[in-house]
Amino acid sequence: MAKRLVVVGGVAGGASAAAKAKRVDPNLQVDVFEKGEYVSYGACGIPYYIGGVIEKAEKLIVRTPEQFESQGISVHLKSEVKSIDVGKGEVSVFNSSEGREEVYAFDSLVIATGAIPVKPPIPGVDLKGVYTLRRFSDGVEIRNDLELGEVRKAVIVGGGFIGTEVAEAFRNWDLDVVMVKESEKVLGDFDDVVSKAAKEALERHGVTILTGCRVDALVGGDRVEAVVVDGERIEADLVLISKGIRPNVELAVQAGIMLGPYGGIATNERVETNIPGVFAAGDCAETLHFLTGEPYYKPLGTTANKMGRVAGTNAAGGEAVFKGVLGTSIIKVFDLGLAKTGFTEEELVARGVEFDTVIIRARDRAHYFPGGGRFTVKLNWEKAGGRLLGASLVGPGPSVLRINALASAIYAGMTIEDLSRQDFAYSPPFSPVWDPLLVAANRAFGG
């Protein structure tokens, strides 16, 4: 009798786990349970659908249930796993379409329940026209609302990845956009050089940013009409709550699965939990930081897919390890690209690490070649030994993909001196003869 893998959640981590497991063991019975209506979609593309860059929502679908079925993977939509019994090896699943609950046995299990948007306990947060953005259906609802043509003013509460990307999307609709931040920084996870550039780009393109402010209430009748910020009323036809996310771990906790220090499911290098044969992947789970080996929580699509691949391999009887992440991130803010990898200066200070830093500004192409623009590189490195610990980039669009070279350098354990000796490509349309990364490394190394 074939063994069965049950996957709870069918987006990035869950879909990757199911597909990989089936490739490792074609005889494995794989069942994916997803409480929503969609599986395997590009969640990171949702802000661009809202902004009209992606015309049709269906373009975000990576694989359909029918495509999974053609590979022998059973996908159950509108099917919510209500409980997990790890002792019996069973999950209880409620199918909302049929209104019934069933029990499925499993030999191995992957939990990929994702994360839940944080909704602050403020009056009016449940009014019509107030949204969070996490799932495919959230993006569709917001876009449908905008297409009615009645939204003129939007307020975004929060200014992380999602809030920043949606601010641009709303400006594409020519909305008046106000961003409200309790802290002083936009993109708070980034180094100050990036945060400042992001704020300037948003303001340059018509976004009003209120920092150090607190939302008192959302007010309106049936639908939101205004946001009260530090006692002042700001008119709003639509509000996006973008205050971050928290790991969706209720099922895991009920099953006796351990959590880590960030509140996500604790996993080891095999992406396995404290229960043998039970794995966790994606935004519900913690992983390890590559530089320290310590637990780390960085909910990114890349991390979810990689964890899912390792979880699927091991759940199917293979052997794979996940060495952790550096938190490598990249974001587009209008005409700018912003990126980071490794530790920011703030994180290094908090850890008590002795480090040095350098910031340089150069052009991203040969000075005589049309187009391009100024490019900022910030490098952080360990004083003792010169090991590269982190980097931040700001520049025109795709030019900041250079962050991948820096992430690779950190993974390889390179020092600043090592980086200064790299043989980077040169052609006027793509780079100056001295690439900005080399300029920064040379400045840091004293060359």
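The values are calculated or read from the model by the stated rules, or taken from the named source; none is laboratory data. This is a predicted model, so every value here is computed, not measured. Here Cβ is always computed from backbone atoms with ideal geometry, including for glycine, and neighbour counts include all displayed protein chains.
Sort out which residues of segment 225-265 are at pLDDT 95 or above, β-branched (Val, Ile, Thr) and buried (at least 16 other Cβ atoms within 10 Å of the Cβ), and write them in order of number.
Within segment 225-265, Val227, Val228, Val229, Ile234, Val239, Ile241, Val249, Ile257, Ile265 qualify.
Look at segment 1-31 and say how many of its residues are in contact with a strand residue (DSSP E or B) (Cβ under 6 Å, 6 or more places away or on another chain), of a type in the set (Gly, Ala, Ser) and not in a helix (DSSP H, G or I).
2
Given (1) within 30 Å of Leu326 (Cα to Cα); (2) touching a strand residue (DSSP E or B) at 6+ places or on another chain (Cβ under 7 Å), where does Asp192 come up short, assuming only one miss?
That leaves (2) as the condition not met.
Evaluate the following for Val75: is it in a loop (DSSP other than H, G, I, E, B), of a type outside the set (D, E, K, R), in contact with a Pro (Cβ under 7 Å, 6 or more places away or on another chain) and crowded, with 17+ Cβ neighbours inside 10 Å?
Values: in a loop (DSSP other than H, G, I, E, B): no; of a type outside the set (D, E, K, R): yes; in contact with a Pro (Cβ under 7 Å, 6 or more places away or on another chain): yes; crowded, with 17+ Cβ neighbours inside 10 Å: yes.
Against the criterion (in a loop (DSSP other than H, G, I, E, B), of a type outside the set (D, E, K, R), in contact with a Pro (Cβ under 7 Å, 6 or more places away or on another chain) and crowded, with 17+ Cβ neighbours inside 10 Å), Val75 does not qualify.
Inspect all residues belonging to segment 56-74 and state whether any of them is under 27 Å from Gly149 (Cβ atoms) and among the small types (Gly, Ala, Ser).
Within segment 56-74, one or more residues are under 27 Å from Gly149 (Cβ atoms) and among the small types (Gly, Ala, Ser).
Any chance you could count how many residues in segment 352-396 are in a strand (DSSP E or B) and of a type in the set (Asp, Glu)?
Taking segment 352-396 and keeping what is in a strand (DSSP E or B), we get 355-363, 374-382, 387-396.
After this cut, where a residue has to be of a type in the set (Asp, Glu) as well, the list is 356, 382.
Number satisfying all stated conditions: 2.
Ser137: within 24 Å of Gly13 (Cβ to Cβ), of a type in the set (Ser, Thr, Tyr) and part of a strand (DSSP E or B), yes or no?
Criteria not met by Ser137.
Restricting to segment 402-417, and then to whatever is outside any loop (DSSP other than H, G, I, E, B) and in contact with a helix residue (DSSP H, G or I) (Cβ under 9 Å, 6 or more places away or on another chain), can you tell me which residue is surrounded by the fewest Cβ atoms within 10 Å (Cβ to Cβ)?
Ranking the qualifying residues of segment 402-417, first place goes to Ala405.
Would you confirm, using the coordinates I've provided, whether Leu148 is touching a residue at least 40 places away in the same chain (Cβ under 8 Å) and hydrophobic (A, V, I, L, M, F, W, C)?
Answer is no for this residue.
When residues of segment 309-341 are filtered for being within 29 Å of His205 (Cβ to Cβ) and among the small types (Gly, Ala, Ser), how many remain?
Total meeting the criteria: 4.
What number of residues in segment 265-315 are under 28 Å from Lys88 (Cβ atoms), in a loop (DSSP other than H, G, I, E, B) and not aliphatic (A, V, I, L, M)?
12
Identify, from the list Ser427, Ser431, Ser399, the residue that is over 30 Å from Lys199 (Cβ atoms), assigned by TED's automatic domain parsing to the domain that holds Pro370 and either in a loop (DSSP other than H, G, I, E, B) or modelled with pLDDT under 95 (or both).
Ser427
Suppose we filter Glu80, Glu90, Glu58 for residues that are loosely packed, with under 15 Cβ neighbours inside 10 Å and either at negative phi or among the acidic types (Asp, Glu) (or both); which single one remains?
Glu58
May I ask you to list pairs of residues, at least six apart or on different chains, whose Cβ atoms are under 7 Å apart, with the first in segment 37-52 being more than 27 Å from Ser96 (Cβ to Cβ) and touching a residue at least 60 places away in the same chain (Cβ under 8 Å) and the second being of a type outside the set (Lys, Arg) and in a loop (DSSP other than H, G, I, E, B)?
From residues that are more than 27 Å from Ser96 (Cβ to Cβ) and touching a residue at least 60 places away in the same chain (Cβ under 8 Å), the pairs are Tyr48/Ile54.
Take the residues in segment 178-224 that are in contact (Cβ under 8 Å) with a residue 60 or more places away in the chain, part of a loop (DSSP other than H, G, I, E, B) and in contact with a helix residue (DSSP H, G or I) (Cβ under 9 Å, 6 or more places away or on another chain); name whichever of them is surrounded by the fewest Cβ atoms within 10 Å (Cβ to Cβ). Walk me through how you get there before you give the answer.
Within segment 178-224, the first condition is being in contact (Cβ under 8 Å) with a residue 60 or more places away in the chain, and the residues that meet it are 187, 189-194, 197-198, 201-202, 204-205, 215-220, 222-224.
Then drop every residue that is not part of a loop (DSSP other than H, G, I, E, B), which leaves 187, 189-191, 205, 222.
Retained after the next criterion (residues that are in contact with a helix residue (DSSP H, G or I) (Cβ under 9 Å, 6 or more places away or on another chain)): 187, 189-191, 205.
Details: Leu187: 23, Asp189: 17, Phe190: 24, Asp191: 25, His205: 15.
Looking at residues that are in contact (Cβ under 8 Å) with a residue 60 or more places away in the chain, part of a loop (DSSP other than H, G, I, E, B) and in contact with a helix residue (DSSP H, G or I) (Cβ under 9 Å, 6 or more places away or on another chain), I get His205.
Report, by residue number, each residue of segment 338-351 that is out of contact with any Asp or Glu (no Cβ under 9 Å at 6 or more places or on another chain) and in a loop (DSSP other than H, G, I, E, B).
Within segment 338-351, just Phe343 meets the criteria.
Would you mind finding the one in Ala366, Ala320 that is within 24 Å of the chain's Cα centre (by Cα), of a type in the set (Gly, Ala, Ser) and not assigned by TED's automatic domain parsing to the domain that holds Pro47? Explain how you work it out, then say what you get.
Details: Ala366 fails: within 24 Å of the chain's Cα centre (by Cα).
Exactly one residue qualifies, and that residue is Ala320.
In this structure, is Gly342 under 18 Å from Ser408 (Cα atoms) and at pLDDT below 95?
Working: under 18 Å from Ser408 (Cα atoms): yes; at pLDDT below 95: no.
When the stated conditions are applied, Gly342 does not pass them.
Out of Ile122, Ile162, which single residue is surrounded by fewer than 18 Cβ atoms within 10 Å (Cβ to Cβ) and touching a residue at least 60 places away in the same chain (Cβ under 8 Å)?
Criteria check complete, one pass: Ile122.
If you take the residues in segment 387-401 that are in contact with a Phe, Trp or Tyr (Cβ under 9 Å, 6 or more places away or on another chain) and not aliphatic (A, V, I, L, M), which one is surrounded by the most Cβ atoms within 10 Å (Cβ to Cβ)?
Ser392
May I ask you to list pairs of residues, at least six apart or on different chains, whose Cβ atoms are under 7 Å apart, with the first in segment 226-238 being within 17 Å of Thr132 (Cα to Cα) and assigned by TED's automatic domain parsing to the domain that holds Ser183 and the second being of a type outside the set (S, T, N, Q) and in a loop (DSSP other than H, G, I, E, B)?
Between residues of segment 226-238 that are within 17 Å of Thr132 (Cα to Cα) and assigned by TED's automatic domain parsing to the domain that holds Ser183 and residues that are of a type outside the set (S, T, N, Q) and in a loop (DSSP other than H, G, I, E, B), the close pairs are Ala226/Ala236; Val227/Ala236; Asp237/Gly129; Asp237/Glu150; Asp237/Val151; Asp237/Arg152; Leu238/Gly129; Leu238/Val151.
Counting just the residues of segment 337-359 that are of a type in the set (A, V, I, L, M, F, W, C) and buried (at least 22 other Cβ atoms within 10 Å of the Cβ), which one comes out farthest from Ala197 (Cα to Cα)?
Among those that are of a type in the set (A, V, I, L, M, F, W, C) and buried (at least 22 other Cβ atoms within 10 Å of the Cβ), it is Phe343.
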